[in-house]
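The values are calculated or read from the model by the stated rules, or taken from the named source; none is laboratory data. Quick caveat, the model's predicted, so the values are computed rather than measured. Counting neighbours? That spans all protein chains shown, and the Cβs are built from the backbone with ideal geometry, glycine included.
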Amino acid sequence: MILYLSTIILLVVISPLLLSFITQIKMFITFKKPISIFQGYRNFSKLMSKETIISEETSAVTRVAPFLILSPLLTVLFLLPPIVKGAYYVSFVDAFTITGLISLSTFFLMLLGLDSASSFGGMGSSREAFISALVEPAMILTVFSVSMMAGNLGIGQAGVNLASSFPQKHMASFLFSAISFFILLIAENGRIPVDNPQTHLEVTMIHEAMILDITGVYLAIVEMASSIKFIIFASLFASLFMPFGLQFSVPIALMIFIAKLLIICIAIALLEVSTAKLRLFKVPNLLGISIVFAFLSLITFYVLGA
Amino acid sequence: MDNFLIGLFLATLIISIFTARLYRLIFWYFVNSLMLGLLAVFIGIKVHDNALIVSGAITLVLKALIIPYVLKYLSKKFHLQRQITPNIKVHYSVILIPAILVFTFFIAEPISHMLQANPNDISISISSLFLTLILMMEHNHVAPKIIGFLTLDNALFLLGITATNGMPMLVELGVFFDILMAIVIINLLFKDTGVKA
Amino acid sequence: MIIFFLLLPAILMFIVSFVKTDKIANLLPFVSFTIIIPNIMLFKLPYPYHLMGNYLIVDKLGDYVFLVSSVVSIGVSLALMTLHKHVNIKKRAYNRFYRFFALFWLGLILSTLSNNMGIYWVGLEFATLSTVYMIKINYTSTAHKEAWNYMIVDTIAISIILFGIILIYASAKPLLGDNAMNFNALLAHIKEIKMPFLFEIGFAITTVGMFIKLGMFPMNLWLADIERASFYPVPALFSGILESAVMIGFFRFSKIVMQIDFTQLFGFVFIYSFLTIFIVAFLIYRAKDFIRLFSFSGIEHMALIALFWVSGGTFAALLHFGAHAFLKPSLFLSTGVLESKGKYHMAGALRGYKGIKGKIFWFIVGLFLLAIVSVPPSPMFFSEIYGFGAMINMAKHTHHMLAMIAAIAFLLILLSIIFYRFTAIYQSMKYGGTQEEKKVYSSEIIALIILAVSLALLLLPQSMEYLRSIS
């Protein structure tokens, strides 16, 4: 239980680090002087000490929504597969719960964007709804497929099963789910082929557009929520698709886990540097590939098993 | 390992159905042939069949290196159109492709029971055949149709590897030679679009 | 030794086609006469004779088809001598044509005489790919588009055939090992296969591929389009030689399947041929120029040949096949002259010939036009009688006699639509229209005479005995 709680606290503490690490690698590759890796914490403390101003046209939703954005994600943190051996994990949670909670968070983010009655917010919310509608079925199918391959529908138990006995004969289905989940990782967290996290131009904003009108504590909470969402996805990818290193002792397992997260960050950074942002109407192409691969992995699993 | 390579084979095929640029399509064809060649070499090493190793090596050299290079050279020389948007829109092909996958897996099930091979591999080979026909159908220009024909040959080679551990050597050599001749004919066909009748 | 003589004409043609003189058009047909030498050698061999290990075999069926193809190719290359007098073509085009003709001949040898399914496929693909470029000798944009069309359709059809061949090989491999590619081995051991269903699936897929190449029902318009877009010797090559290569494959494959599951084979091919003849009969009725008319008629005859073969009338099928392979190319070659005043001038096409050559020309062409719709002394008449007789014979042993009689009656109605159209065309050619002067050249006359003589030789009792002995 102690390990369980401490890994959750570790994940919460590390999350701003990962996003700054991605930015750092991008700046390093494009020959700029990289920002410090603790920039995320500095942003957080800066925002916490700023005065919180809300616009006049908003309703009570704006006061409540940031907390509702953060809390489902914090709940999901409790349901992830364990990263060290001997930690407690919840084993009855399956793909629907996790996807549902993440979608709940996205729903409140969309409400927040709509609430300020500005055109930017409405535009951001509608785009986010558009992308979300394509991401959800793929996510459910992918996580289901992996948990079927691991033999148990619960995510936590699936992670443990995969670490102990990797199913060699289902390698093809595994590969398809991995490709699909990686595309989902990019889409849900608003990274470059789908959404530019550093832009403030109207034509290219999705996530930024929804949070344009808040500042101070609310903005700090929403930024924290987006970094926690990223670490949820990265941790799921690391535990389900790179399931090695669970059997070592606690410090080494932690180091391996953090190394896996950093590798995922490096992969995302390389992808961001080498690709241009897709037009919004081309995003369904990319997400269509993700849906097809998720479906394909489930089907190839059934052909072999049934 | 061979499951992994067959998975990548099908993955690159599905990605090349969605892609809308000619050079990207040639790149995915290159990855496709690379996976196929590596698969042939691995299975050949596993069952100690020299013919399969030689076919795999020829596939790697011919289909993964020479043909993509020749295709790119031809597309530069004849100024082929590089933007090839599929005719089937994305939201329809997202439904169509899984439907075809389910359909072909359903058809291939009795066949895979009758052959002593991994049922996954047979089903993937037969669905690659149908998906390649979709690739040929959905473009109006001739260059993706050529790449579709070459991918069809790849899918047939995969079926030959998985269903029967490689066809006899002479037949494989004949197939490769035919592909070479097809590329020569394609080169000749691209020249001179002719005067108006 | 024999292999050398088999390959000699092709190699000679290929080498000579690189010679750049102005008399090239007259030189090349004489090179192609060397095709006679392997034919004579093949006839003297004891049957069945294995060449090159187990890969090539010379048996009666292969030898017959090879002889027919050789005669057709000699005729076509003779008629080619005067191609430049009918259409607008450069001398260089001859060289290119003969280069690809040499490759085509090579592929044909491989596919006609092969014992191995894979070698058959390789030869077929060679032959197909070399004819693609022959369409482009006609330097128009229509020909360019049609050449691409042909390439796409044919490569898909060939790939479907390869798919079927792989499935057949996979089904026979546990029993026969590497020998499973041989037609002979399959024919001998087919009853011992544990999973005949896979074999039948493979055969069905191969048959679909082969029927696409022949131009049968669902895809029957591409053949007419490409034959219209190319010069007249090319459709002659298609209908005489390429279709015979495909047909011999169908013959060999179906002989093997007949031993496993006859009813399924018969039902499959019957429905296919029936639908084809139905559609093609009406297409012939509406054809307005010669080449389309003849290509649709070719499709209909191929469907009849397939139908006769699977009902057990092998003699009828082979006789029909030989007669068609002599008649259709000669008709195509004569369209060079018939259309010399314009594509759609069907009326009066048989009038206006002067001199001995003209008289021989219109006499032979008129006879052939009637012979192709099975007017009596033509071998097609006899083959259709024997063919329908074989179908009724087969139905006698089952309970479907009445259905078979009804089907044959319907087929005869469709054939009579074709008969009506052809005689109407013949009459308008002979008695209608205006008299326009057309020139005929001696090389074409000689080609037509060669084909006519071969057709007459088909009617001799000795040749009929030979055909009957091909089981």
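Got at least one residue in region C:254-268 being farther than 17 Å from residue C:164 by Cα and either aromatic (Phe, Trp, Tyr) or crowded, with 22+ Cβ neighbours inside 10 Å (or both)? For region C:254-268, residues farther than 17 Å from residue C:164 by Cα and either aromatic (Phe, Trp, Tyr) or crowded, with 22+ Cβ neighbours inside 10 Å (or both): present.
Which one of these is among the β-branched types (Val, Ile, Thr), over 17 Å from the mean Cα position of the chain (by Cα) and more than 14 Å from every other protein chain (Cβ to nearest Cβ): C:205, C:190, C:166, C:201? Spell out how you get there, then give the answer.
Numbers: C:205 fails: more than 14 Å from every other protein chain (Cβ to nearest Cβ); C:166 fails: more than 14 Å from every other protein chain (Cβ to nearest Cβ); C:201 fails: more than 14 Å from every other protein chain (Cβ to nearest Cβ).
None of the other options fit; the residue is C:190.
Residues of region B:68-86 include at least one that is without any contact (Cβ under 8 Å) to a residue 60 or more places away in the chain, in a helix (DSSP H, G or I) and within 14 Å of the chain's Cα centre (by Cα).
Can you pull out the residues in region B:106-125 that are more than 10 Å from chain C (Cβ to nearest Cβ) and outside any helix (DSSP H, G or I)?
Step one: of region B:106-125, the residues more than 10 Å from chain C (Cβ to nearest Cβ) are B:106, B:108-109, B:112, B:118-121, B:123-124.
Scanning region B:106-125 gives a single hit, B:118.
One residue stands out in region A:142-179 among those that are at the interface with chain B (Cβ under 10 Å from one of its Cβ atoms) and in contact with a Phe, Trp or Tyr (Cβ under 7 Å, 6 or more places away or on another chain): the one that is nearest to residue A:271 (Cα to Cα), namely A:179.
When B:116, B:81 are checked against the criterion of being within 27 Å of residue C:149 (Cβ to Cβ) and not aliphatic (A, V, I, L, M), B:81 stands alone in meeting it.
Here is a yes/no grid of residues against (1) polar (S, T, N, Q); (2) crowded, with 21+ Cβ neighbours inside 10 Å:
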residue	(1), (2)
A:45	yes, no
A:54	no, no
A:69	no, yes
A:105	yes, yes
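Can you find a residue that is closer than 22 Å to residue A:122 by Cα and either assigned to a helix (DSSP H, G or I) or over 20 Å from the mean Cα position of the chain (by Cα) (or both) anywhere in region A:166-185?
The answer is no, given that none of the residues of region A:166-185 is closer than 22 Å to residue A:122 by Cα and either assigned to a helix (DSSP H, G or I) or over 20 Å from the mean Cα position of the chain (by Cα) (or both).
Can you spot a residue in region C:129-151 that is under 24 Å from residue C:268 (Cβ atoms), at the interface with chain B (Cβ under 9 Å from one of its Cβ atoms) and either at pLDDT 85 or above or in a loop (DSSP other than H, G, I, E, B) (or both)? Taking every residue of region C:129-151 in turn, none turns out to be under 24 Å from residue C:268 (Cβ atoms), at the interface with chain B (Cβ under 9 Å from one of its Cβ atoms) and either at pLDDT 85 or above or in a loop (DSSP other than H, G, I, E, B) (or both). Against the conditions (1) part of a helix (DSSP H, G or I); (2) of a type in the set (Gly, Ala, Ser); (3) closer than 28 Å to residue A:133 by Cβ, residue A:117 satisfies every one except (1). Per this entry, residue B:58 is not counted among residues that are surrounded by fewer than 20 Cβ atoms within 10 Å (Cβ to Cβ), part of a helix (DSSP H, G or I), touching a Phe, Trp or Tyr at 6+ places or on another chain (Cβ under 8 Å) and within 14 Å of another protein chain (Cβ to nearest Cβ).
Residues are listed down the side, and each one gets a yes or a no for (1) farther than 30 Å from residue A:85 by Cβ; (2) buried (at least 16 other Cβ atoms within 10 Å of the Cβ):
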| residue | (1), (2) |
| --- | --- |
| A:266 | no, no |
| A:282 | yes, no |
| A:285 | yes, yes |
| A:289 | yes, yes |
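Please tell me if residue B:52 is modelled with pLDDT under 90, under 20 Å from residue B:1 (Cα atoms) and in a helix (DSSP H, G or I). Yes; evaluated as a whole, the condition is true for this residue.
Residues of region B:143-152 that are within 9 Å of chain C (Cβ to nearest Cβ) and in contact (Cβ under 8 Å) with a residue 60 or more places away in the chain: B:146 alone.
The residues of region B:73-95 that are within 10 Å of another protein chain (Cβ to nearest Cβ) and either buried (at least 16 other Cβ atoms within 10 Å of the Cβ) or farther than 27 Å from residue A:291 by Cα (or both), listed by number, are B:86, B:90, B:93, B:94. Filtered by the rule that a residue be within 12 Å of chain A (Cβ to nearest Cβ) and either among the polar types (S, T, N, Q) or touching a strand residue (DSSP E or B) at 6+ places or on another chain (Cβ under 8 Å) (or both), region B:126-139 gives B:127, B:128. Scoring residue C:375 on the criteria (1) within 27 Å of residue C:255 (Cα to Cα); (2) part of a loop (DSSP other than H, G, I, E, B); (3) of a type outside the set (Lys, Arg) leaves a single failure, condition (1).
Inside region B:103-121, residues that are loosely packed, with under 13 Cβ neighbours inside 10 Å and hydrophobic (A, V, I, L, M, F, W, C) make up a count of 2. Among helices (runs of 4 or more DSSP H) entirely within region C:189-308, having at least 3 residues that are at pLDDT 85 or above and touching a strand residue (DSSP E or B) at 6+ places or on another chain (Cβ under 6 Å) singles out no element at all. Those helices (runs of 4 or more DSSP H) of region C:37-114 in which at least 3 residues are buried (at least 24 other Cβ atoms within 10 Å of the Cβ) and not aliphatic (A, V, I, L, M), considering only elements entirely within it, cover C:60-79, C:91-112.
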